[in-house]
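Engineer: Sharing a structure with you now.
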Amino acid sequence: MQIKRLSDALGAEITGVDVADIDDVEFAEIHAAFLEHQLLVFRDQALEPEPHIEFSKRFGAIETRPERPFTLPGYPEVSVLSNRMVEGKPVGVLSAGDFWHTDLSFGEIPCRATFLHALEVAEEGGDTEWSNIYTAYETLSDDMKARIADLRCTHVFDRRRNRRAQVDAQFADKADEIYGVPVPDAVHPMVRQHPETGRKSLYISPRFVVGVEGMEDYEAQPLLDELFEHQIELKFRYRHTWRQGDLLMWDNPCLIHIGRGDIKSPGIRHMHRTMVLGDRPH
Ligand SMILES: O=C(O)CCC(=O)C(=O)O
């Protein structure tokens, strides 16, 4: 197994391993690399849904929910992200991550790791970008760290309640069905401690965070705007151009990410995704 750092900000590429067939020694090496680099890119994975699910489960319990649109038939654990249309209808979610976010932070127990496998990639477009919220936190001034140390933020699923996010065009005519599902808001610390490394991160994102508990909006919104801008400074970021067979896994307590879209027609980008749950943020 070869592990090569991908950028100063985050990420490593792993070659020479088949994630469908790893032993405990390889798993320990992958796990250590995951904690060190936050995002791992496994090249050339011909991964069927079952081994994809099995590999994911080594890192936590798989998240499923009955309302999730576009799961793979027979595999509620696997979501399909795709711009393929069959008889005029999309076969997957077109824009799963069009605003900076960390997965499932609207839940009481958010996502620990996400596993996204590229079955088909377009010639142009469809990159994904991550930003390191460990370093975003660590580079704040001491004054700002003291100011936000005990703050807690409200994370909401419903895009209609977030002035920084718009309803996906794909779901515009069924916003009630998609966003009106009864998902309670979650309140999480703004500064989160990673469950394994103990490092602190700036655990907010414009897609899900709409307010600060106990703080009026006239104060909270400018603070959030300032922190959202800081979180995505270029020096914290890594942008990935996908190759067919890439399996990426990322550590949500310490990264935010965004799907860049802009897939050039007639290119098809078709991906399978699993997510595993982590701890209650503290
Ligand atoms: O498709 C992408 O590039 C990003 C997907 C994403 O943001 C997600 O699955 O949470």
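Engineer: Going by the conditions given, is S265 closer than 17 Å to I133 by Cα and small (G, A, S)?
Structural biologist: Against the criterion (closer than 17 Å to I133 by Cα and small (G, A, S)), S265 does not qualify.
Engineer: Name the one entry in A96, A165, A146 that is farther than 16 Å from R68 by Cα, touching a residue at least 40 places away in the same chain (Cβ under 8 Å) and among the small types (G, A, S).
Structural biologist: A165
Engineer: I'd like to know if segment 121-129 contains one or more residues that are within 16 Å of the ligand (Cβ to nearest atom), under 25 Å from A61 (Cα atoms) and buried (at least 17 other Cβ atoms within 10 Å of the Cβ).
Structural biologist: Yes, that holds for at least one residue.
Engineer: Determine which single condition I148 fails, assuming it passes every other condition in (1) of a type outside the set (K, R); (2) more than 20 Å from S201 (Cα to Cα); (3) more than 16 Å from the ligand (Cβ to nearest atom).
Structural biologist: That leaves (2) as the condition not met.
Engineer: To continue, here is another question. Collect the residues in segment 250-265 that are more than 10 Å from the ligand (Cβ to nearest atom) and either in a helix (DSSP H, G or I) or crowded, with 24+ Cβ neighbours inside 10 Å (or both), keeping them in residue-number order.
Structural biologist: The answer is D251, P253, C254, L255.
Engineer: Still on this structure, I have one more. Only one of (1) within 25 Å of A136 (Cα to Cα); (2) open to solvent by 10 Å² or more (accessible area, probe 1.4 Å) is not met by L72, so which one is it?
Structural biologist: Unmet condition: (1).
Engineer: Looking at segment 66-84, which of its residues are free of Cβ contacts under 8 Å to residues at least 60 places away in the same chain and away from the ligand (no atom under 14 Å from the Cβ)?
Structural biologist: Residues satisfying the conditions are P66, P73, G74, Y75, P76.
Engineer: Another question, if that's okay. Is it the case, given these coordinates, that E87 is open to solvent by 10 Å² or more (accessible area, probe 1.4 Å) and in contact (Cβ under 8 Å) with a residue 12 or more places away in the chain?
Structural biologist: Judged against the criteria, E87 is not a match.
Engineer: From the list P222, P184, P195, pick out the single residue that is under 20 Å from M275 (Cα atoms), more than 18 Å from the chain's Cα centre (by Cα) and open to solvent by 20 Å² or more (accessible area, probe 1.4 Å).
Structural biologist: Just one listed residue meets the conditions, P184.
The values are calculated or read from the model by the stated rules, or taken from the named source; none is laboratory data. Keep in mind the model is a prediction, meaning the values are calculated, not measured. Neighbour counts are summed over all protein chains in view; Cβ atoms, including those assigned to glycine, are modelled from backbone coordinates with ideal geometry. We work out accessible area using only protein heavy atoms, side chains counted, and drop any ligands, DNA or RNA first. Shrake-Rupley method; radii C 1.70, N 1.55, O 1.52, S 1.80 Å.
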